[in-house]
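**Student:** Can you read through this structure? Questions will come right after.
The values are calculated or read from the model by the stated rules, or taken from the named source; none is laboratory data. Since we're looking at a predicted model, the values are computed, not measured. Positions of Cβ are generated from backbone atoms using ideal geometry, with glycine treated the same way; all protein chains shown enter the neighbour counts.
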Amino acid sequence: MTPMQRLFFSLLPCLLLGLPAHAAFPGGNAAYGERIFMQGINQVPACHNCHGKDAMGDDAIGTPRLAGQNPAYIYKQLVDFAANRRMDNTMYVMNTNARGMSERDWRDVAAYVASLEYRLVGLSDMQRVEEYGYPIGSRYDGRQLVLHGDPARGIPACYTCHGYNGRGLPDTYPMTGGQRYVYLVNQLKKWRSKERHNDPEGMMRAVAENLSDDDIYNLATFLTSAPRGECKESCKAFLCCVW
Ligand code: HEC
Ligand code: HEC
């Protein structure tokens with residue numbers, strides 16, 4: 001394949017499935033959101049109890065990092081949890097939590113966590129993660145899949161939708177780079193088993209269908225510590241910093 005053909009085929013999923021699949025995030029009040037995050041609201045407990053004071057998530061209980069995630073995506077997850085389109089069967093709390101909040105609370109808390117500084121490297125303590133019973137994969141093999149996919153096995157390159165090193169492409173595509181290891185593994189397995197099925201057009205279910213367990217550990221090993229990165233000359237050759 002010529003580089004142009006490769007680009008075309010790697011972008012095909014996004015082109016076909018429509019990049020701006022969702023309306024823009026309506027906005028929210030981050031100051032109110034901070035209050036919800038730190039103190040809870042109504043019967044809903046403070047988010048920091050599980051997601052951490054800095055909203056960076058916790059591998060010990062399988063919670064995701066929310067800090068720096070795109071707000072439209074956070075908002076959509078709360079809408080989906082409230083409607084039981086996505087089930088939290090890790091701690092069985094997010095469906096009740098989301099339902100205990102108003103539409104405005106969803107927007108405010110999304111605006112707050114999104115406003116937190118993007119901070120990385122080595123977020124997950126891999127030794128701990130292993131102690132929790134999660135095998136560690138190959139960072140190199142994970143990076144290969146993120147950048148190139150494996151067309152022979154029907155696995156598309158993750159970056160075509162999630163952006164360079166998983167830095168996210170708002171509004172539809174969440175940040176996956178710098179996400180917690182345990183959470184990444186859990187979600188990829190849930191997409192593969194179709195237990196999680198709130199992805200627009202079934203995009204992630206189609207992606208995860210052909211992933212092996214090793215692929216999942218490799219992907220999570222790379223993504224959890226993937227530098228957000230600016231576009232480098234060496235990267236341009238692989239067209240990996242188009243966005
Ligand atoms: C008792 C623990 C607990 C509390 C309290 C909690 N969460 Fe969660 N949250 C979780 C768990 C566990 C998950 C992962 C669910 C899964 O595995 O699918 C999660 C997932 C999420 C997600 C999905 C993120 C993503 O990347 O898709 C959002 C958004 C979220 N929580 C927001 C909140 C907000 C806002 C609050 C406070 C109002 C809150 N959570 C309070 C445990 C908690
Ligand atoms: C065709 C576009 C597309 C491709 C290619 C793609 N994804 Fe996704 N992915 C999505 C969308 C859209 C969502 C958000 C689903 C939702 O709204 O709940 C998502 C969500 C996710 C999530 C959940 C994030 C969270 O915070 O819960 C993970 C993890 C993920 N993708 C990993 C990957 C990996 C790894 C690859 C490559 C093997 C990949 N994705 C390739 C479209 C894509």
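**Student:** Scan the range 28-41 for residues that are small (Gly, Ala, Ser), surrounded by 18 or more Cβ atoms within 10 Å (Cβ to Cβ) and assigned to a helix (DSSP H, G or I) and report the count.
**Tutor:** First, pick out the residues of the range 28-41 that are small (Gly, Ala, Ser): 28, 30-31, 33, 40.
Then keep just the ones that are surrounded by 18 or more Cβ atoms within 10 Å (Cβ to Cβ); that gives 28, 30, 33.
Going one step further and asking which of them are assigned to a helix (DSSP H, G or I), we end up with 30, 33.
Of the residues in the range 28-41, 2 are small (Gly, Ala, Ser), surrounded by 18 or more Cβ atoms within 10 Å (Cβ to Cβ) and assigned to a helix (DSSP H, G or I).
**Student:** Further question on the same structure: Condition (residue is at pLDDT 95 or above, in a loop (DSSP other than H, G, I, E, B), out of contact with any helix residue (DSSP H, G or I) (no Cβ under 9 Å at 6 or more places or on another chain) and in the same structural domain as Tyr183 (by TED's automatic domain parsing)) applied to the range 136-156: is it met by at least one residue?
**Tutor:** No, the range 136-156 has no match at all.
**Student:** Mind checking which residues of the range 42-62 are in contact with a helix residue (DSSP H, G or I) (Cβ under 6 Å, 6 or more places away or on another chain) and assigned to a strand (DSSP E or B)?
**Tutor:** Val44
**Student:** Which members of the range 47-103 meet the condition of being surrounded by fewer than 21 Cβ atoms within 10 Å (Cβ to Cβ) and among the acidic types (Asp, Glu)?
**Tutor:** Asp54, Asp58, Asp80, Asp88, Glu103
**Student:** Next up: Identify the single condition in (1) part of a helix (DSSP H, G or I); (2) within 9 Å of ligand 2 (Cβ to nearest atom); (3) over 19 Å from Pro71 (Cα atoms) that Cys161 does not satisfy, given that it satisfies every other one.
**Tutor:** (3)
**Student:** Follow-up. Of everything in the range 22-52, what is within 14 Å of Ala114 (Cα to Cα) and of a type in the set (D, E, K, R)? Give them in sequence order.
**Tutor:** Glu34
**Student:** Right, here's the next one. Of everything in the range 190-219, what is among the basic types (Lys, Arg) and either near ligand 2 (Cβ under 10 Å from one of its atoms) or part of a loop (DSSP other than H, G, I, E, B) (or both)? Give them in sequence order.
**Tutor:** Of the residues in the range 190-219, the ones among the basic types (Lys, Arg) are 190, 192, 194, 196, 205.
Those that are among the basic types (Lys, Arg) and either near ligand 2 (Cβ under 10 Å from one of its atoms) or part of a loop (DSSP other than H, G, I, E, B) (or both): Lys190, Lys194, Arg196, Arg205.
**Student:** If a residue has to be under 22 Å from Pro135 (Cα atoms), surrounded by fewer than 23 Cβ atoms within 10 Å (Cβ to Cβ) and either more than 10 Å from ligand 2 (Cβ to nearest atom) or of a type in the set (Gly, Ala, Ser) (or both) to count, how many in the range 170-188 make the cut?
**Tutor:** Matching residues across the range 170-188 total 0.
**Student:** Given the conditions (1) within 16 Å of ligand 1 (Cβ to nearest atom); (2) at pLDDT below 95; (3) more than 12 Å from the chain's Cα centre (by Cα), and given that Cys231 satisfies all but one, which numbered condition is not satisfied?
**Tutor:** With (1) within 16 Å of ligand 1 (Cβ to nearest atom); (2) at pLDDT below 95; (3) more than 12 Å from the chain's Cα centre (by Cα) applied to Cys231, the lone miss is (1).
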